[in-house]
Structure formats: structure tokens, C-alpha cells
Amino acid sequence: MRRVLMMALVLLSPTLAMAGTVNVTVPDGTEVRLILKERMSSATAEQDQKVRFEVAEDVKLRGVTIIRAGAQAWGTVIETRRKGKFGKNGKLNFTIDFVKLVDDQNLRLSGAKSREGQNEYVKAGILTYATGGIGGLFVKGKDIEINAGTEYVLYTNGDRHLEIDMVLAAANSGR
């Protein structure tokens, strides 16, 4: 019986060690690498649309994993413009708002990303001049395309004191 109790304690010790909380300070400028999960285009994106990302690699502090590779991160489209006449290209601006920690808390990230194509104004102007005023109507810009799998590197803004619930972290490890 004593041997069975000792074996149970040995088997449970990793779980018992994970019990409780760990206090961690995420320092200003902590790097988080994210991967865009779905293709985005200025032709189809809508303002306030949610943008889904996944964490590319674990983020560890003091030997404690606070963000696991594969964790979800979310952003929001804040501005979009479709391509237009006279060589006006599309535009797509979005924020990357937060990432999920190991215990399912949100950690806010700072930063906005922007893509805007180089406009074809010169080409449109020359064509307009050469055709007596209407040629520029036929010069269209290009929509912005961002492929799934595009990687972004963001950094935390300011120190953030966290209390990581290691029981929840252990429970979420199988996700």
C-alpha cells in the first residue's frame, strides 16, 4: 500500500507542481511572432472585420511558457479601399489587438499594419493627356493581396504584470 501511495505521489507531482499561479512581468518590447491564417484582400475586406492570426513560436519568460505556438491572436480591419480609376490602388489597414496566453487570458499587443499599393497616377496622367482627357479612366489600380501564412512580428507595449493560472495552462496544453 505504501508503495502504491509513493507511486501516486510521483505520478501526481508534476500536476501538483503546476497547481497555483505564477507571477510574471512581461517586459516592454517582448517579441511575439504571428502568422496570418486567412488570405486578405482590399477587394473583399470590410471595416471592423476580425482578422485571425496564430502564434508562430512559444514565448517564454523566466522558463515559463506564457504563450504557446499555435495560440490564437486577433486583429481588426480599420480601413479598406478598393482599387479605383485613374490608377488608384487599394489600401488595407488592420490592427493586431491581442493574443491568448496559456491560461486563456488576453494579452494586448500594440501596432497597426498597413498595405497600400503604388498608385499608377503617372500612367493615368500620360494616357489622359494623350487621349484628350478620357484615357485615365481606363487605367485601374490594383487591389492589395496578403496571403495566408504572412508573418508579422509585434512587440508588447509597456510592462504587463500577469498572474498565470498554471492549472488552466496545463488544461489548455492539449488544445
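Taken together, the values in this text are just the output of simple stated rules run on the coordinates, not laboratory data. The structure displayed is predicted, hence computed values, not measured ones. Cβ placement follows ideal geometry from the backbone for every residue including glycine, while neighbour counts extend to all protein chains displayed.
Annotation: amide H of Asn157 within the under-5 Å range of Gly29, Ser110, sequence separation 5 or more or interchain, hydrogens built in the peptide plane.
Backbone amide hydrogens, once placed in the peptide plane, bring Glu79 within less than 5 Å of Asn93, excluding anything fewer than 5 places away on its chain. Its Cα gyration tensor gives the range 19-93 an equivalent ellipsoid; the semi-axes, largest first and in whole Å, are 36, 12, 10. Extension gain, Glu54 to Arg160: 0.36 nm times the residue separation minus the Cα-Cα distance gives 36.1 nm.
Annotation: the residues Arg108, Arg33, sorted from fewest to most other C-beta atoms within 10 Å of their own C-beta, follow the order Arg108, Arg33. By the count of other C-beta atoms within 10 Å, a proxy for reagent exposure, Thr25, Thr65 are ordered fewest to most as Thr25, Thr65.
Phi angles across the range 26-42 convert, under the Karplus curve 6.51 cos²θ - 1.76 cosθ + 1.60 with θ = phi - 60°, into 3J(HN,Hα) values of 7, x, 3, x, 5, 7, 10, 9, 10, 10, 5, 8, 9, 4, 10, 9, 5 Hz, Gly and Pro given as x. For the range 144-159, 3J(HN,Hα) computed residue by residue from phi via the Karplus equation (6.51, -1.76, 1.60; θ = phi - 60°) reads 7, 10, 10, 6, 4, x, 5, 9, 10, 10, 10, 10, 6, 10, x, 5 Hz, glycine and proline entered as x.
Taking a straight line from the alpha carbon of Lys88, these aspartates and glutamates sit under 12 Å away, with near neighbours fewer than eight places off in the same chain left out: Glu116, Glu120, Asp143. Taken along the Cα-to-beta-carbon direction at a fixed 7 Å, the label points for Asn106 and Asn172 span 1.3 nm.
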